[in-house]
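A short worksheet on the structure shown next.
The values are calculated or read from the model by the stated rules, or taken from the named source; none is laboratory data. This one's a predicted model, so the numbers in the text were calculated from it and none came from an experiment. Here Cβ is always computed from backbone atoms with ideal geometry, including for glycine, and neighbour counts include all displayed protein chains. All accessible areas refer to the heavy atoms of the entire protein, side chains included, with ligands and DNA or RNA removed. Shrake-Rupley method; radii C 1.70, N 1.55, O 1.52, S 1.80 Å.
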Amino acid sequence: MRKESFTLALNQVSLRFSSKLASQVSSRFLHALAVAALVAASAACQRGGTSSVATASPAPPSAAAPSDASAQSSYADAVARVTPAVVTVRASRRTREARQFPFMDDPTFREFFGERFRQTPEEQERIERGLGSGVVVSADGYILTNHHVVDGSEDIRVELNDGRTFSAKVVGSDQPSDLAVLKVEANGLPVLSLGDSDKTRVGDVVLAIGNPLGVGQTVTSGIISAKGRSTGLSDGSFEDFLQTDAAINRGNSGGALVNTQGELVGINSQILSPSGGNIGIGFAIPSNMAKNVMEQLIKSGRVRRGQLGVNIQPVTTEIAANLGLPEGTRGVIINNVVAGSAAERAGLRRGDVVTAFNGQPVSDTNSLRNRVASTQPGAEVTLTVVRDGREQQVRASLGEFTPENARREDEGGGGGGERPNAPTGRLGISVAELTPQTAERLRLPAGAQGLVVTAIDPSGPAAMAGLQERDLIVEVNRQAVRTTEELRAAIERSGARPVLLLVQRGTTNAFITVTPRP
């Protein structure tokens with residue numbers, strides 16, 4: 001700022017001020033005021049001040065949430081894109097109720113009591129109606145839903161969000177995965193794009209869309225609570241659920257579970273509830289599994305799955321320690337190899353620990369089963385196996401899964417009667433050597449060998465580990481046992497370490513670790 005300009009302006013102010021207040025203010029005061037103003041202006045110029053002495057400092061940046069956070073305060077845009085592709089599925093079928101008095105149609109009965117008690121066919125039949133949801137996956141009318149929504153239905157109606165209704169037919173239905181594909185005669189339908197469910201993380205926000213309890217299309221929100229869940233609530237053959245706390249109720253089955261980008265990551269399928277209502281534990285079939293099943297159903301009307309031919313169980317800390325595996329080893333242990341199966345042809349053995357399938361880590365039984373099932377029969381696969389402490393690669397050509405060859409029986413045996421022979425007190429059990437008569441009574445497979453548990457201390461270590469009467473102990477610490485002396489010697493060699501028992505119950509094998517008493 002120039003000094004001359006400031007002085008001129010100040011003089012003008014002084015003249016105006018003086019004309020009004022000349023009688024109250026002396027010229028000496030005005031001079032002092034001018035000097036003070038001049039000093040203040042000079043100091044401001046030295047600090048880089050502007051020509052506007054009274055200009056206020058700029059306001060600090062707003063403390064409001066960033067724009068990306070404010071965008072997440074509403075999912076209306078994603079919902080608007082998704083909801084047109086989510087439909088209501090109404091399925092019905094005729095059922096015949098059992099007659100309470102079947103003799104009412106007898107002519108002799110009608111002769112005495114007349115026709116008023118006669119049951120007509122209409123009175124003997126009723127119509128069951130089911131409600132579910134579905135997702136449009138192609139513009140030409142393919143719709144993905146749950147198997148249990150349309151199972152056994154004779155008439156299926158699909159209602160779109162815009163009010164249109166179509167008659168639908170079942171293209172294919174797959175009970176093991178609880179998925180089905182419907183087809184309506186329409187074109188230009190809104191489609192929901194499939195996301196990659198493998199990239200979904202625990203904690204991701206998701207939206208569940210469907211028609212719960214028939215109230216109309218509804219959107220609920222939540223997060224992914226867990227992945228890889230197996231509930232056993234349905235067929236249970238191939239469960240790999242996404243668990244969510246987004247509210248899911250009856251009628252949501254077959255509907256969409258989407259991420260905040262509006263991509264389908266799951267097909268809502270089940271809830272876990274003691275009351276039948278939502279308690280925040282719902283399950284959805286991952287979109288990657290749904291895509292594989294859907295493509296096969298559309299192509300051929302059925303789903304083909306690979307099968308290895310083994311019974312497996314998780315590797316626990318105790319099993320890992322007994323086998324001398326490194327701490328933290330994850331995987332599954334083979335407790336039985338099916339005769340004539342792909343596993344037997346590949347040379348897999350009981351006691352092998354599978355840690356990877358085609359290079360992908362195996363963390364639990366569910367993950368290995370689903371990876372094998374998602375591979376086509378006849379495909380060559382590579383399994384990473386730990387055997388006798390050494391890692392090796394085993395190649396196998398998968399067989400084909402069918403319900404018949406995959407059925408696992410869990411048969412119990414007939415009554416006891418075996419006399420306890422040389423009870424092994426450190427495990428809290430009594431055993432007897434297996435005889436042909438005992439094997440037949442317990443319905444054990446031909447050629448079974450081992451020791452039968454004839455009595456068990458309910459508070460002993462074996463009972464605490466899950467051993468039961470009539471179980472057959474086949475191996476101890478990977479060594480076959482046929483006599484009580486072999487069992488006792490094997491336990492003594494373990495000292496204070498847990499012993500690893502291979503136990504056969506009916507036709508099912510399992511490894512059980514038991515810590516002997518001192």
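Scanning segment 496-509 for residues that are modelled with pLDDT of 80 or more and surrounded by fewer than 17 Cβ atoms within 10 Å (Cβ to Cβ) yields 497, 508. Just one residue in the set 243, 313 is of a type outside the set (Phe, Trp, Tyr) and either part of a loop (DSSP other than H, G, I, E, B) or over 30 Å from residue 337 (Cα atoms) (or both); that residue is 243.
Any idea which residue in segment 175-193 is nearest to residue 86 (Cα to Cα), counting only those that are of a type outside the set (Asp, Glu) and open to solvent by 60 Å² or more (accessible area, probe 1.4 Å)? Residue satisfying both the conditions and the ranking: 191. Within segment 285-310, being outside any helix (DSSP H, G or I), aliphatic (A, V, I, L, M) and in contact (Cβ under 8 Å) with a residue 60 or more places away in the chain holds for 285, 303, 308. Checking each residue in segment 408-441 for being within 39 Å of the chain's Cα centre (by Cα) and at pLDDT below 50 picks out 408, 409, 410, 411, 412, 413, 414.
Among all residues of segment 351-361, there is at least one that is free of Cβ contacts under 8 Å to residues at least 40 places away in the same chain, in contact with a Leu (Cβ under 8 Å, 6 or more places away or on another chain), open to solvent by less than 30 Å² (accessible area, probe 1.4 Å) and not aliphatic (A, V, I, L, M).
Right, residue 276: open to solvent by 10 Å² or more (accessible area, probe 1.4 Å), over 19 Å from residue 90 (Cα atoms) and out of contact with any Gly (no Cβ under 9 Å at 6 or more places or on another chain) or not? For residue 276, the condition - open to solvent by 10 Å² or more (accessible area, probe 1.4 Å), over 19 Å from residue 90 (Cα atoms) and out of contact with any Gly (no Cβ under 9 Å at 6 or more places or on another chain) - is met. Condition (residue is surrounded by 15 or more Cβ atoms within 10 Å (Cβ to Cβ), of a type in the set (Ser, Thr, Tyr), within 18 Å of residue 288 (Cα to Cα) and in contact with a strand residue (DSSP E or B) (Cβ under 8 Å, 6 or more places away or on another chain)) applied to segment 198-220: is it met by at least one residue? Yes, there is a match, as at least one residue in segment 198-220 is surrounded by 15 or more Cβ atoms within 10 Å (Cβ to Cβ), of a type in the set (Ser, Thr, Tyr), within 18 Å of residue 288 (Cα to Cα) and in contact with a strand residue (DSSP E or B) (Cβ under 8 Å, 6 or more places away or on another chain). Taking segment 492-518 as the range and being without any contact (Cβ under 8 Å) to a residue 40 or more places away in the chain and closer than 19 Å to residue 441 by Cβ as the test, only 503 passes.
Taking the condition of being outside any strand (DSSP E or B) and over 25 Å from the mean Cα position of the chain (by Cα), how many residues in segment 356-388 meet it? Of the residues in that region, 3 qualify. Residues in segment 439-463 that are under 17 Å from residue 429 (Cα atoms), in contact (Cβ under 8 Å) with a residue 12 or more places away in the chain and not small (Gly, Ala, Ser): 451, 452, 453, 454, 456, 457, 461. Residues in segment 287-335 that are open to solvent by 40 Å² or more (accessible area, probe 1.4 Å), of a type outside the set (D, E, K, R), within 23 Å of the chain's Cα centre (by Cα) and farther than 23 Å from residue 377 by Cα: 314, 316.
Looking only at residues of segment 203-227 that are among the hydrophobic types (A, V, I, L, M, F, W, C) and farther than 18 Å from residue 73 by Cβ, we find that the one that is modelled with the lowest pLDDT is 213. Does segment 144-160 hold any residues that are touching a residue at least 60 places away in the same chain (Cβ under 8 Å) and part of a loop (DSSP other than H, G, I, E, B), and which are they? Passing the criteria: 146, 153, 154, 160.
Scanning segment 469-486 for residues that are open to solvent by less than 10 Å² (accessible area, probe 1.4 Å) and at pLDDT 85 or above, we see that the one that is nearest to the chain's Cα centre (by Cα) is 471.
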